[in-house]
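Below you'll find the structure, written out as structure tokens, and then a few comments.
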Amino acid sequence: MSLIDSYSLFKKDLNLKTKYILAACSVPYELLHRPNKKGEVVVYLTAVPDCIESHSQRKPALSLSISGIYISGLYIPDLKKPEIAFGDVKGTEDAILCVMGENQLEIFIAKGKKALSHQFYQLFHDGADIDLEAEIADHRQKAEAS
């Protein structure tokens, strides 16, 4: 049984602080892969704006959006690994996992796994699940081939 339904690799637009442009994906995810007027698929990774309300005790550290549309708040539970964040896609039951690297952003989507988003994060964070590691490698390889 697979956990990951979609993988996207976004590269940072070096001219804008928060803008990332789609470079590759394994399987398109309809809520993220909406081209702008230039035909680019763009996401923005920013600090959480004050207008975003959280029903939990903690507010997310980051916000993921496309063309001004809020997609997800992203939580970073481990300050020793601030490059890994998780959340859920607004209006869906989908979990999201983000890995932030130098000038890139990887986004993994697990459809219907919103209730398990923290466990999804924990599996990735711990790196002990061989099946998950193989699935991630497979999605990254599919993205490179496309």
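The values are calculated or read from the model by the stated rules, or taken from the named source; none is laboratory data. Small disclaimer: the values here were computed from a predicted structure and weren't measured. So basically every Cβ, Gly included, is an ideal-geometry build from the backbone, and we count neighbours across all protein chains shown.
Of note:
- Identity of the residue in the range 103-116, over 24 Å from residue 11 (Cα atoms) and not charged (D, E, K, R), that ends up modelled with the highest pLDDT: 112
- For the range 121-141, the set of residues classified as surrounded by 14 or more Cβ atoms within 10 Å (Cβ to Cβ) and more than 20 Å from residue 22 (Cβ to Cβ) consists of 121, 122, 123, 124, 125, 129, 132, 135, listed by residue number.
- Members of the range 92-104 found to be within 21 Å of residue 137 (Cβ to Cβ) and either β-branched (Val, Ile, Thr) or touching a residue at least 24 places away in the same chain (Cβ under 8 Å) (or both), listed by number: 95, 96, 97, 98, 99, 100, 104
- Selection of strands (runs of 3 or more DSSP E) fully inside the range 52-146 by the criterion of at least 1 residues being over 22 Å from residue 34 (Cα atoms) returns 84-88, 95-101.
- Evaluation of residue 130 against (1) among the aliphatic types (A, V, I, L, M); (2) touching a Phe, Trp or Tyr at 6+ places or on another chain (Cβ under 6 Å); (3) without any contact (Cβ under 8 Å) to a residue 60 or more places away in the chain (one fails), failing number: (2)
- Flag if residue 68 is over 13 Å from the mean Cα position of the chain (by Cα) and under 17 Å from residue 21 (Cβ atoms): yes
- Taking the conditions (1) in contact with a Pro (Cβ under 9 Å, 6 or more places away or on another chain); (2) under 24 Å from residue 42 (Cα atoms); (3) surrounded by fewer than 20 Cβ atoms within 10 Å (Cβ to Cβ); (4) not polar (S, T, N, Q) in turn, residue 118 satisfies each one other than (2).
Residues checked against (1) free of Cβ contacts under 8 Å to residues at least 40 places away in the same chain; (2) among the polar types (S, T, N, Q); (3) surrounded by fewer than 13 Cβ atoms within 10 Å (Cβ to Cβ); (4) in contact with a strand residue (DSSP E or B) (Cβ under 9 Å, 6 or more places away or on another chain):
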residue: 4; (1), (2), (3), (4): no, no, no, yes
residue: 44; (1), (2), (3), (4): yes, no, no, yes
residue: 47; (1), (2), (3), (4): yes, no, yes, yes
residue: 74; (1), (2), (3), (4): yes, no, no, yes
residue: 90; (1), (2), (3), (4): yes, no, no, yes
